[in-house]
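Since the structure comes first, as structure tokens, the remarks are kept for the end.
The values are calculated or read from the model by the stated rules, or taken from the named source; none is laboratory data. Being a predicted model, the structure only gives us computed values, none of them experimental. Positions of Cβ are backbone-derived with ideal geometry, glycine not excepted, and every protein chain shown enters the neighbour counts.
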Amino acid sequence: MPFVLVPTWLDLTMWDIIQNLRPVPLAVIVLLILFSLFSWTIVFSKSSVFSRARKDNRNFLRAFRKADNLQAVAIASEQFTSAPLVAVFDFGYSEVERQVRQRGALVNKPAIERSLQLGISEEVTKLEMNMSWLATVASVSPFIGLFGTVWGIIDAFQGLGNAGAASLRAVAPGISEALITTAIGLAAAIPAAIFYNVFGTRIKEIGARMEDFAIEFQNLAERDFGG
């Protein structure tokens with residue numbers, strides 16, 4: 001009878017190990033992959049949003065500083081609808097128009113300031129959309145991976161007990177599953193944590209720009225309509 005070499009866990013590739021995963025580690029890995037795909041979808045989406053917002057903010061601010069009055073800015077703002085600064089401008093301009101229409105001048109400067117702050121708050125809220133999901137993936141994924149790790153170690157000890165003797169072949173399946181789930185958990189968590197911090201910094205920068213813009217808006221409004 002010819003000798004046949006039977007592959008062991010020591011001979012298997014990574015793909016072979018994944019194909020032989022048991023239900024619980026497999027479920028953990030599928031869940032982590034879904035988390036990772038979801039977080040990357042958010043990352044690409046928000047990267048596009050921040051890039052467009054930064055570009056339109058810069059162009060709108062340039063047009064704002066060149067304009068002679070608020071009406072000219074209102075016309076120019078139609079070209080930069082993606083700019084958070086435009087939304088803030090719209091809030092302030094609506095309040096200025098209301099006061100000028102009713103009284104002929106700016107008679108309630110605090111109301112204008114409150115309107116601008118409302119615009120800033122609304123835009124910051126929009127920019128922060130889905131950020132909580134990135135934070136969730138970053139914080140939860142390692143624990144899900146740890147659950148798979150613990151489960152794999154339990155399987156390894158069970159294999160060791162069934163074998164009745166200390167053997168690498170007996171513990172290899174469980175240890176392999178433990179290491180794979182740990183690695184995938186970290187692979188899902190690390191990018192989510194990095195981009196959460198990166199996007200958080202960008203939101204703070206845009207928020208600071210909107211606060212500065214609110215001051216510039218009030219100055220132009222006072223030059224236009226007095227008060």
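Taking the options Ala87, Ala156, name whichever one is part of a helix (DSSP H, G or I), surrounded by 14 or more Cβ atoms within 10 Å (Cβ to Cβ), of a type in the set (A, V, I, L, M, F, W, C) and modelled with pLDDT of 90 or more. Walk me through how you get there before you give the answer.
On the way: Ala156 fails: modelled with pLDDT of 90 or more.
Exactly one of Ala87, Ala156 is part of a helix (DSSP H, G or I), surrounded by 14 or more Cβ atoms within 10 Å (Cβ to Cβ), of a type in the set (A, V, I, L, M, F, W, C) and modelled with pLDDT of 90 or more, namely Ala87.
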In the stretch 51-89, anything more than 18 Å from Ala208 (Cα to Cα) and charged (D, E, K, R) is listed as Lys66, Asp68, Glu78
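Residue under question is Ser45, and the condition is that it be loosely packed, with under 14 Cβ neighbours inside 10 Å, of a type in the set (Ser, Thr, Tyr) and within 18 Å of Thr136 (Cβ to Cβ); does it hold?
Values: loosely packed, with under 14 Cβ neighbours inside 10 Å: yes; of a type in the set (Ser, Thr, Tyr): yes; within 18 Å of Thr136 (Cβ to Cβ): yes.
So Ser45 passes the test.
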Of everything in the stretch 164-193, what is among the aliphatic types (A, V, I, L, M), surrounded by fewer than 17 Cβ atoms within 10 Å (Cβ to Cβ) and modelled with pLDDT under 75? Give them in sequence order.
Ala165, Ala166, Leu168
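Go over the candidates Ser51, Ser77, Ser47, Ser94 one by one and state the one that is in a helix (DSSP H, G or I), within 35 Å of the chain's Cα centre (by Cα) and modelled with pLDDT under 90. Don't jump to the end; show me each part of the working.
On the way: Ser51 fails: modelled with pLDDT under 90; Ser47 fails: modelled with pLDDT under 90; Ser94 fails: modelled with pLDDT under 90.
Answer to the check: Ser77.
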Do you know which residues across the stretch 98-126 are under 38 Å from the mean Cα position of the chain (by Cα) and of a type in the set (A, V, I, L, M, F, W, C)?
Ala111, Ile112, Leu116, Leu118, Ile120, Val124
